[in-house]
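See structure below.
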Amino acid sequence: MTGDAGVPPDSLPLLASQEIEVLHIDDDANFADLVATFLEREHDAITVRTETSPRDALAVLDSEESSVDCIVSDYDMPELDGLAVLERVRETYPDLPFVLFTGKGSEEIASEAITAGVTDYLQKSGGTEQYSVLANRIQNAVEGYRAERYMNRGLEAIETAKDGISILNEDGYIEYANAACAEMLGYTREEFTGLHWEVLYHDDDVQYVYDTLLPEARDGGWHGTTTFVRKNGEELDVEHTLSYTADDSLICTLSPQAPTDASTDHLSAKAKGMDEAPVGIVLTDPYQDDNPIIYANDKFTALTGYEQQEVVGRNCRFLQGEETAAEPLEELRTAVDNRDPVTVELRNYRKDGTMFWNRVRVAPVFDDDGDLELFVGFQDDVTERKQNEQQLQSHSARLEALFEHSPDMFAVHDIDGKIRDVNQRLCDELGYTESELVGQYVWDIDPTVDRDRASSFWETLPPNTPHRFEGEFERKDGSTFPIEIHLIRLNLDGEDRFVAMDRDITDQKRRERELVQQNERLDRFTSVVSHDLRNPLQVAKGRLGLLRDDCESPHIDDIDHALERMDSMIADLLTLAQTGEEAMTIETIELSDLAKTCWETLSGTDATLNIDTERTVEADRDQLQQLLTNLLRNAVEHGGPAVTVTIGDTADGFYVADDGVGLPDSAGEQVFDAGYTTADSGTGFGLSIVEEVASRHDWTVTASNGARGGARFEITTA
């Protein structure tokens, strides 16, 4: 469905010059038209199709004739917001470039967009330079997308080839191999990568490769039949091609010959299956003296530390030691004598002397006539599980005391959901006696539990790991209340049990609802400010830029100044509205260092900053930076071009003072009111933000004139 469909691979270098079709989604038709005008002016290859309805845009994308190369979408739109559109697009087109171009920007939206798979994120701003940035990001995203598609096609062809393909560096080590190559030679790809080619040949053949194959490969290529040695020692005859690249890499291609003996292939597959099994496997011969081991797989040698040649020919008892208990050994011997399957757990010892708990499962193998052929033994290291069991047993008394006397509600149920035990607090909260609760099922007291799916869900929970959920309890009288559940899966006396600690969260849920309602109101307000006000402002600024290109007028600069002031007021209003929306991270901050950072943002001023403090404060860094920046900007705007601003200590906080004209006598505390300003270019929100930040930190801020003139703001942090 993309514009580069059908382009042959040899045209890859031309992709950057191909036309780029952009689908732009923005519910503001005037702004969308402005974006299209600038994008097509900025880049001749870009063609913009505009849709003001997200659903219409998705319909365009899904149409057969669609050739969209990139989507540019606003965030705050009716029907679907930008993230919802992104989610719909990613369901069908997981890699199609998607740029979120929005006037409602925040770290939260940016984080959600990145998590959802957005290609790029750009916030709308004043001035026409944003459209150049947008055009460049669209071009970069599309070029990268097209290049990756063609690279992936080539890689996919290599990865899915039935022939084995590998690349060796100039020293003969394997740098890359596809799955077919590693599988032919009996390795995993991880094992195969990094090997030297010499390990794949018999020793007698290595010199022939050096003397004949490699020189011919360097002289134009070599092709023939090669006998390789697989990981398990078997020989493999393949059709073999070698050639060198310009950077001295060796390309090796293997084509397997047709097998001649089906039964041999079957036996090899069985041996390979045992070699790669995730458990230790041994085979023993009951017809030899002492039932010795005749085969051991790699997992067994890794488990015990013994090499295969040290294992074959010995009875499994060489793993036993002084801590090996007699009872499981007797059970094991009896089963072998009776030719019965058996499973035991016992202490065994590795070659280095370390002890481990070994689960041993032994079973007889009979031939087609019913005669005993051999014994197969499966070995697992269960040390961690045994240690967990012992630890649980040692803590059982403390757990029982906690269970009975905890202020939280406790219930224990089995994998089927049947309640096996409860504490008194649960009985008191639900209005039942213990005998009435024990024997009921979890869904009898928690109506949010799906009885048809609960058991399969509990089965997936890993043991000894707590998990948190929310649910709802129903009392005996029919009333309900929300709960927070902390569930852990334990093995208690050999039985699988689920211990649930339940806590009443009625008050928490009420506070959450109140917070959600408050945030919804705030979100509606910021949406109006950022979208319904800022979009028309962006259109006006864009059209003004076009007007400046078309004609000269003394009114243009005045209009531009007014629009910039409106943009500043909207930015301050959004800051004021959103202060407190994000959770604060309190840390220790050097006041002087942060003040220097804030001062650097006030470019184009002849004012002087004097820092007379070494105080540290406990605060949220971002919000304290906002407070200091606003106070410093206020001093520069009202104090005159050569004002000196001083930051110093008070007995219980710090102050920001200037030597300018000071505050009007009638100002009083109204300087912190939203919209109050005495400067022609001021927005009236800067000091309101200062007061809001101080309030969030439980600080107080006061305004006055200093003893020698100038405004002085004191912040009490103690």
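Descriptive notes on the structure:
- Unit charges on C-beta of K, R, D, E only; dipole of segment 267-390, Debye: 420 debye
- Cα gyration tensor category, rounded, prolate or oblate, for segment 465-507 with a/c compared to 1.5: oblate
- With all protein chains kept in place, the per residue accessible area of segment 416-493 amounts to 57 square angstrom at a probe of 1.4 angstrom.
- Carbon and sulfur %, accessible surface of segment 411-481 computed with the full protein complex present, 1.4 Å: 45 percent
- Pairs from 509/596; 386/476; 386/509; 231/351; 299/386; 162/351 whose Cα-Cα separation, in the structure shown, is over 32 Å: 509/596; 386/476; 386/509; 162/351
- Element breakdown for segment 34-176 at a 1.4 angstrom probe: carbon and sulfur atoms account for 46% of the accessible area.
- Relative contact order of segment 29-173, taken over Cα pairs closer than 8 Å and 6 or more residues apart, is 20 percent.
- Extension gain for residue 459 to residue 605 (0.36 nm times residue separation, less C-alpha to C-alpha distance): 45.8 nm.
- Peptide packing: for 459-467, 498-506, 435-443, 318-326, the average count of neighbouring Cβ atoms within 10 Å per residue gives the ranking 498-506, 435-443, 318-326, 459-467, highest mean first.
- Gyration tensor (alpha-carbon) shape descriptor, segment 430-471, a/c threshold 1.5: prolate
- Ligands, DNA and RNA are left out, and with a 1.4 angstrom probe the accessible area of segment 108-260 is 54 Å² per residue.
- Along each principal axis, Cα extent of segment 48-96, largest first, Å: 27, 21, 15
The values are calculated or read from the model by the stated rules, or taken from the named source; none is laboratory data. None of the values given here were measured: they were computed from a predicted structure. Glycine also receives a Cβ, built like all others from the backbone with ideal geometry; neighbour counts cover every protein chain displayed. Quick note on the areas: whole protein, heavy atoms, side chains included, nothing else; ligands and nucleic acids left out. Shrake-Rupley method; radii C 1.70, N 1.55, O 1.52, S 1.80 Å.
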